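A.B. asks: Pasting in a structure now, in structure tokens, and then I'll have a few things to ask.
The values are calculated or read from the model by the stated rules, or taken from the named source; none is laboratory data. All values derive from a computational prediction rather than experimental measurement. Neighbour counts run over all protein chains shown; Cβ positions are idealised from the backbone, glycine included.
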């Protein structure tokens with residue numbers, strides 16, 4: 001296991017982060033606890049959650065993932081062994097996350113409510129990394145191609161940072177990060193934090209994988225030069241990069257089968273790119289999982305690659321994938337894939 005700096009915080013997180021979004025929907029509490037036990041024993045010290053989890057977001061299950069983690073902390077008494085990350089919802093229609101209903105927004109009163117509720121569910125008095133799950137402003141996210149200049153009505157960056165700072169000052173939050181953010185958004189947060197002596201973002205959690213390398217276009221340089229490393233989510237492309245959905249297959253129990261949530265990986269050129277990645281792995285004597293995960297791990301701007309699993313067998317295979325050596329031959333192969341299939345799944 002490697003441990004890498006989390007921005008300029010002084011914390012070091014494992015290069016493997018354990019994602020948790022299936023706990024409370026596809027996975028029971030006992031299964032979630034078993035996953036955390038195994039990951040911690042293997043050296044994983046970084047857990048990533050969110051107030052809206054499990055996914056898909058529903059009123060009936062919202063917050064259950066955090067409750068499962070909180071019960072684990074209570075049972076194991078090991079809060080000090082974990083760097084804990086969670087997130088607050090950006091603008092959305094998931095009114096069930098708030099007492100007053102309506103839209104979720106990144107406004108001070110909602111941030112206050114979200115922080116306090118997460119702390120209670122997690123049974124802790126501090127969150128190591130508190131992330132803005134997606135922006136307050138309207139953007140084309142989660143599979144959108146190209147920029148659309150929507151009418152902009154959003155909470156100013158400095159107002160969001162000031163709200164977060166109040167929790168940092170209280171000790172509820174140690175550090176902050178963003179997620180599903182753009183290059184402009186990251187730089188605006190950095191600018192406001194420097195100008196106003198407000199908390200500085202330590203990380204950006206965006207989707208990144210063999211069929212979505214859009215992070216490299218503008219954000220990679222920011223990540224390296226500004227010490228705002230990538231927490232790469234969906235390194236397996238919501239499971240598509242295992243090859244299990246190729247040819248229209250829908251395996252029983254898979255997320256794409258249960259929830260039909262893999263549209264991001266079904267657009268023009270997606271199937272051809274995914275198939276090419278699977279073939280590439282096998283040509284080099286690797287499983288598709290090994291190639292996909294080790295690719296993310298070897299990027300210089302990646303702080304931690306977030307893995308998620310619904311079975312212990314999957315978790316074990318995911319963690320073991322990081323042990324394979326990365327060669328010049330593999331580097332050339334993935335770059336050839338990218339040249340032939342330019343990020344069809346943003």
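A.B. asks: Exactly one of (1) surrounded by fewer than 23 Cβ atoms within 10 Å (Cβ to Cβ); (2) in contact with a strand residue (DSSP E or B) (Cβ under 8 Å, 6 or more places away or on another chain) is unmet by residue 225. Its number?
C.D. replies: (2)
A.B. asks: For the condition over 16 Å from residue 49 (Cβ atoms), surrounded by fewer than 16 Cβ atoms within 10 Å (Cβ to Cβ) and touching a strand residue (DSSP E or B) at 6+ places or on another chain (Cβ under 9 Å), what is the one hit in 171, 101, 144, 95?
C.D. replies: Details: 171 fails: touching a strand residue (DSSP E or B) at 6+ places or on another chain (Cβ under 9 Å); 101 fails: touching a strand residue (DSSP E or B) at 6+ places or on another chain (Cβ under 9 Å); 144 fails: touching a strand residue (DSSP E or B) at 6+ places or on another chain (Cβ under 9 Å).
Selected residue: 95, the only one of 171, 101, 144, 95 that is over 16 Å from residue 49 (Cβ atoms), surrounded by fewer than 16 Cβ atoms within 10 Å (Cβ to Cβ) and touching a strand residue (DSSP E or B) at 6+ places or on another chain (Cβ under 9 Å).
A.B. asks: Right, next: Find the residue count for the range 247-260, including only residues that are under 20 Å from residue 346 (Cα atoms), touching a helix residue (DSSP H, G or I) at 6+ places or on another chain (Cβ under 8 Å) and exposed (fewer than 15 other Cβ atoms within 10 Å of the Cβ).
C.D. replies: Total meeting the criteria: 0.
A.B. asks: Checking residue 182 against (1) in contact (Cβ under 8 Å) with a residue 60 or more places away in the chain; (2) within 17 Å of the chain's Cα centre (by Cα); (3) buried (at least 16 other Cβ atoms within 10 Å of the Cβ), only one condition comes out false. Which one?
C.D. replies: Single failed check for residue 182: (1).
A.B. asks: Can you work out which of the residues in the range 89-115 that are over 15 Å from residue 134 (Cα atoms) and in a loop (DSSP other than H, G, I, E, B) is farthest from the chain's Cα centre (by Cα)?
C.D. replies: My answer is 100.
A.B. asks: Can you tell me which residues in the range 187-197 are in contact with a strand residue (DSSP E or B) (Cβ under 9 Å, 6 or more places away or on another chain) and crowded, with 18+ Cβ neighbours inside 10 Å?
C.D. replies: Keep residues of the range 187-197 that are in contact with a strand residue (DSSP E or B) (Cβ under 9 Å, 6 or more places away or on another chain), which gives 189-190, 193.
Matches in the range 187-197: 189, 193.
A.B. asks: Please work out which one of (1) at pLDDT 95 or above; (2) assigned to a loop (DSSP other than H, G, I, E, B); (3) under 30 Å from residue 310 (Cβ atoms) is the condition residue 278 fails and give its number.
C.D. replies: That leaves (2) as the condition not met.
A.B. asks: Restricting to the range 316-326, what's the tally of residues that are in a helix (DSSP H, G or I), over 24 Å from residue 177 (Cβ atoms) and either out of contact with any helix residue (DSSP H, G or I) (no Cβ under 7 Å at 6 or more places or on another chain) or touching a residue at least 40 places away in the same chain (Cβ under 8 Å) (or both)?
C.D. replies: So in the range 316-326, the residues in a helix (DSSP H, G or I) come out as 316-321.
After this cut, where a residue has to be over 24 Å from residue 177 (Cβ atoms) as well, the list is 316-317, 320-321.
Adding the requirement that they be either out of contact with any helix residue (DSSP H, G or I) (no Cβ under 7 Å at 6 or more places or on another chain) or touching a residue at least 40 places away in the same chain (Cβ under 8 Å) (or both) leaves 316, 320.
Going through the range 316-326 one residue at a time, the tally reaches 2.
A.B. asks: For the range 290-308, give me the residue count where each residue is assigned to a loop (DSSP other than H, G, I, E, B) and crowded, with 22+ Cβ neighbours inside 10 Å. Quick ask: steps written out before the conclusion?
C.D. replies: Applying the first criterion (assigned to a loop (DSSP other than H, G, I, E, B)) to the range 290-308 yields 298-301, 308.
Within this subset, residues satisfying the condition of being crowded, with 22+ Cβ neighbours inside 10 Å are 308.
Residues that pass the stated criteria total 1.
A.B. asks: When you scan the range 116-155, how many residues do you find that are within 26 Å of residue 343 (Cβ to Cβ), touching a helix residue (DSSP H, G or I) at 6+ places or on another chain (Cβ under 8 Å) and not in a loop (DSSP other than H, G, I, E, B)?
C.D. replies: Counting residues in the range 116-155 that are within 26 Å of residue 343 (Cβ to Cβ), touching a helix residue (DSSP H, G or I) at 6+ places or on another chain (Cβ under 8 Å) and not in a loop (DSSP other than H, G, I, E, B) gives 1.
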